[in-house]
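Trainee: One structure is given below, represented as structure tokens, and several questions about it will come after.
The values are calculated or read from the model by the stated rules, or taken from the named source; none is laboratory data. What you see is a predicted model; the values in this text were computed from it and never measured. Backbone-built Cβ (ideal geometry, glycine too); neighbour counts: all protein chains shown.
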Amino acid sequence: MSLEIVAREGLVLLGCGKMGSALLAGWLKAGLPASSFWVIEPNPSDWLQSTGVHLNEGVPQAPGVAVLAVKPQMMGAALPALQALGNGRTLFLSIAAGTTIAAFEEVLGNRTPLVRAMPNTPAMVGRGISGICANASAGAAGLALGQALMEAVGQVVTLDGEHQIDAVTALSGGGPAYVFHLIEAMAQAGVAQGLSEEVAMQLARATVCGAGELAYRSPESAAQLRINVTSPGGTTAEGLKVLMNPDSGFPALLTRAVKAAADRGRELGK
Ligand SMILES: NC(=O)C1=CN([C@@H]2O[C@H](COP(=O)(O)OP(=O)(O)OC[C@H]3O[C@@H](n4cnc5c(N)ncnc54)[C@H](OP(=O)(O)O)[C@@H]3O)[C@@H](O)[C@H]2O)C=CC1
Ligand SMILES: O=C(O)[C@@H]1CCC=N1
């Protein structure tokens, strides 16, 4: 689906912080004119002010799309600003963690076409991934438009339903933070083995980026890429024995971390 509807009917963006800015940058890069965007943002960055979008002005009566990119804790206070657009033709696209379709329909009306998407911060460099789902009123056309909007900043996975979105939030939504923490932890471990902090951080960061790029480009499975590094009887095998320990290794730790994040998503949705 093309984003022509945005150029024709306009897009209102509620909240333009980290994720809102990443999305707006992607849409502008895709060639949509700045004059198609109406952004509501109490603390506009220098970048946002330089884009030429309509900033904190009155919004069109029936824009093609309204994107909700405020924190879930702010949603209750922020959403009424767009309540008048509910139950119409405007497609609402929320990227907020937690806030459910039912909660949006309560404010906007249950005839409002609505897509929930869960992106991640690599969207800032066009390498994000989003899981998306939609309510009944959005239909196939609404879901396709939501997909096209999110594809401006990376890959998109269509979910079986809203029941999967807390898992996506916990895995890929927050996942970049786990990887950044992995860099920190690897660097610390290198320092413990005698490297300077600076060199250890350079090695850790480049290793994670290089491995990520290899995983992205290679047709081989993650398991095979791991095996390719692991010489039988060599050094990596000893490291992996620790990380693949069923009780204390990565799988057990990440199962707990992803569950804790998904549980928080469910809690935010109550
Ligand atoms: N960061 C991430 O990795 C991801 C975030 N998300 C979701 O994206 C959403 C935004 O997160 P993120 O970009 O990180 O948060 P930010 O705090 O960076 O952005 C939210 C923006 O909304 C502004 N805002 C607050 N109140 C209002 C209001 N009433 N009307 C308009 N704008 C308002 C905030 O201004 P101020 O700072 O002044 O309060 C802020 O600039 C959240 O719902 C989050 O769950 C989804 C996936 C990944
Ligand atoms: O931490 C959060 O709640 C948001 C959702 C996913 C990433 N950041």
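Trainee: Specify which of the listed residues (LYS241, LYS259) is loosely packed, with under 15 Cβ neighbours inside 10 Å and under 27 Å from ALA96 (Cα atoms).
Mentor: Working: LYS241 fails: under 27 Å from ALA96 (Cα atoms).
None of the others qualify; the one that does is LYS259.
Trainee: Related question: Given VAL157, VAL168, which one is within 16 Å of ligand 2 (Cβ to nearest atom) and in the same structural domain as MET19 (by TED's automatic domain parsing)?
Mentor: Working: VAL168 fails: in the same structural domain as MET19 (by TED's automatic domain parsing).
On inspection, the qualifying residue turns out to be VAL157.
Trainee: Just give me the residues in segment 87-107 being within 15 Å of ligand 2 (Cβ to nearest atom), touching a strand residue (DSSP E or B) at 6+ places or on another chain (Cβ under 6 Å) and not aliphatic (A, V, I, L, M), in sequence order.
Mentor: SER94
Trainee: Which residue out of ALA30, ALA34 is surrounded by fewer than 21 Cβ atoms within 10 Å (Cβ to Cβ), at pLDDT 95 or above and not hydroxyl-bearing (Ser, Thr, Tyr)?
Mentor: After ruling out the rest, the residue left standing is ALA34.
Trainee: In segment 47-65, which residues are aliphatic (A, V, I, L, M) and either under 17 Å from the mean Cα position of the chain (by Cα) or near ligand 1 (Cβ under 10 Å from one of its atoms) (or both)?
Mentor: Result: LEU48, single match.
Trainee: Check whether at least one residue in segment 147-164 is within 16 Å of SER21 (Cα to Cα), within 16 Å of ligand 1 (Cβ to nearest atom), surrounded by fewer than 19 Cβ atoms within 10 Å (Cβ to Cβ) and among the β-branched types (Val, Ile, Thr), and report yes or no.
Mentor: Here is the first cut: in segment 147-164, the residues within 16 Å of SER21 (Cα to Cα) are 149-154.
Cutting the leftovers down to within 16 Å of ligand 1 (Cβ to nearest atom) gives us 149-154.
Then keep just the ones that are surrounded by fewer than 19 Cβ atoms within 10 Å (Cβ to Cβ); that gives 151.
Filter once more, keeping what is among the β-branched types (Val, Ile, Thr): none.
No, the conditions are met nowhere in segment 147-164.
Trainee: I need every pair where a residue in segment 1-22 that is small (Gly, Ala, Ser) has its Cβ under 6 Å from the Cβ of a residue that is within 16 Å of ligand 2 (Cβ to nearest atom), sequence separation at least 6 or different chains.
Mentor: As it stands, the answer is GLY15/ALA69; GLY15/VAL70; GLY20/ALA69; ALA22/ALA123; ALA22/MET124; ALA22/VAL153, since those pairs meet every condition given.
Trainee: State whether one or more residues within segment 97-109 are farther than 24 Å from GLY58 by Cα, surrounded by 15 or more Cβ atoms within 10 Å (Cβ to Cβ), β-branched (Val, Ile, Thr) and near ligand 1 (Cβ under 9 Å from one of its atoms).
Mentor: Yes: segment 97-109 contains one or more residues that are farther than 24 Å from GLY58 by Cα, surrounded by 15 or more Cβ atoms within 10 Å (Cβ to Cβ), β-branched (Val, Ile, Thr) and near ligand 1 (Cβ under 9 Å from one of its atoms).
Trainee: Within the set of pairs 6+ apart or on separate chains, which have a first residue in segment 159-188 that is farther than 21 Å from ARG205 by Cα, a second that is basic (Lys, Arg), and C-beta atoms under 9 Å apart?
Mentor: Final answer for the pair search is LEU159/ARG116; GLU162/ARG116; ILE165/ARG116; ASP166/ARG264; ASP166/ARG266; THR169/ARG264; ALA170/LYS259; ALA170/ARG264.
Trainee: Kindly provide the set of residues from segment 68-89 that are in contact (Cβ under 8 Å) with a residue 40 or more places away in the chain and more than 10 Å from ligand 1 (Cβ to nearest atom), ordered by number.
Mentor: LEU85
Trainee: Considering only residues of segment 69-92 that are within 18 Å of GLY265 (Cβ to Cβ) and crowded, with 24+ Cβ neighbours inside 10 Å, which is nearest to the chain's Cα centre (by Cα)?
Mentor: ALA69
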